[in-house]
1. Just how large is the dipole of the range 78-219 about the Cα centre, in debye to the nearest 20, putting +1 at every Lys and Arg Cβ and -1 at every Asp and Glu Cβ?
2. For each pair in Lys48/Lys101; Lys48/Lys181; Lys101/Lys150, compute the distance between the two Cα atoms and list the pairs where it is over 29 Å.
3. Rounded to whole Å and sorted largest first, what semi-axes of the equivalent ellipsoid does the C-alpha gyration tensor of the chain yield via the square root of 5 times each eigenvalue?
4. Are there chymotrypsin sites (Phe, Trp or Tyr not before Pro) in the range 65-131 that DSSP marks as loop and that have at most 11 other Cβ atoms within 10 Å, and which are they?
5. Of the accessible area of the range 1-141, with the probe set at 1.4 angstrom, what percent is carbon plus sulfur?
6. Suppose the chain between Thr158 and Glu58 were pulled fully straight at 0.36 nm per residue; how much longer would it get relative to their current alpha carbon spacing?
7. In nm, to one decimal, how far is the Thr81 label point from the Ser120 one, both placed 7 Å along Cα→Cβ?
8. Which number comes out as Rg/Rh for the range 11-135 once both Rg and the Kirkwood Rh are worked out on C-alpha atoms?
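The values are calculated or read from the model by the stated rules, or taken from the named source; none is laboratory data. From a predicted model like this one, the values you see are computed outputs, not experimental measurements. Every residue, glycine as well, gets a Cβ built from its backbone with ideal geometry; the counts of neighbours run over all protein chains shown. Please note that ligands, DNA and RNA were not included when accessible areas were found on the heavy atoms of the full protein model with its side chains. Shrake-Rupley method; radii C 1.70, N 1.55, O 1.52, S 1.80 Å.
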Amino acid sequence: MKEEVKLKAALFDLDGVVFDTEPQYTIFWGKQCLEFHPDVHGLEKRIKGQTLVKIFSEYFSGPLETVRPTIMERLYQFERTMSFDYLNGFVNLVEDLKFNKVHTAVVTSSNKAKMNSVYSAHPEFMQLFDIILTSEDFTKSKPHPECYLKAASLLNVTTEECLVFEDSFNGLHSGKAAGMKVVGVASTNSVSSIAPYSDLVVEDYNDLCFDTCNRILKH
């Protein structure tokens, strides 16, 4: 049965997967966590892959709820000026996937306001994907599988026909929980740390093509 499965959909997280932005976010959230949670070491890494709603709900509730508008304004200004550089080889991979009739999708915890900054920086961005799903499209945050299951449903493909690309632990767990094969992108975390949760680990896309991605589904 496995030998008959063919890749029909490639589902990409955004930050750290499409764009090399995670180092910038680590600095931003590191500053916020140091200011408002100085006793919680490494919180900026723990929240990677989560929606802003979940981050606020879990870490900025109660007395800290009053700082949410401040953080939102800081984040809005930060995302307006940050750099959006594609990971090496990404565009070539997407073009090869589309040539082989593979659906492509962005499945991100970022919101639509953030995506407007992306579209401004890259007018061609929407043409690379069949669908773009943002935090407004989900009720549950990664590591819950809802986002990837919804993408598969919208693209009318089975979970066995999907390949997820993720960099964060929350995202990797989300893809696995959806019953999909997962490529771990070591742009945010080390190869060794994400390998246990990935079917393949890459540092960029220079050595990836449709044939390589398709073979992952058969193992």
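1. Details: 12 positive and 18 negative charges, 81 e Å.
Its charge dipole is roughly 380 debye.
2. Values: Lys48/Lys101 31 Å; Lys48/Lys181 20 Å; Lys101/Lys150 20 Å.
Distance filter (> 29 Å) returns Lys48/Lys101.
3. 30, 18, 16
4. none
5. Carbon plus sulfur share of accessible area: 53 percent.
6. Answer, rounded to one decimal: 32.8 nm.
7. Modelled inter-label distance: 1.2 nm.
8. Values: Rg = 15.9 Å, Rh = 15.7 Å.
Looking at the range 11-135, the ratio lands at 1.01.
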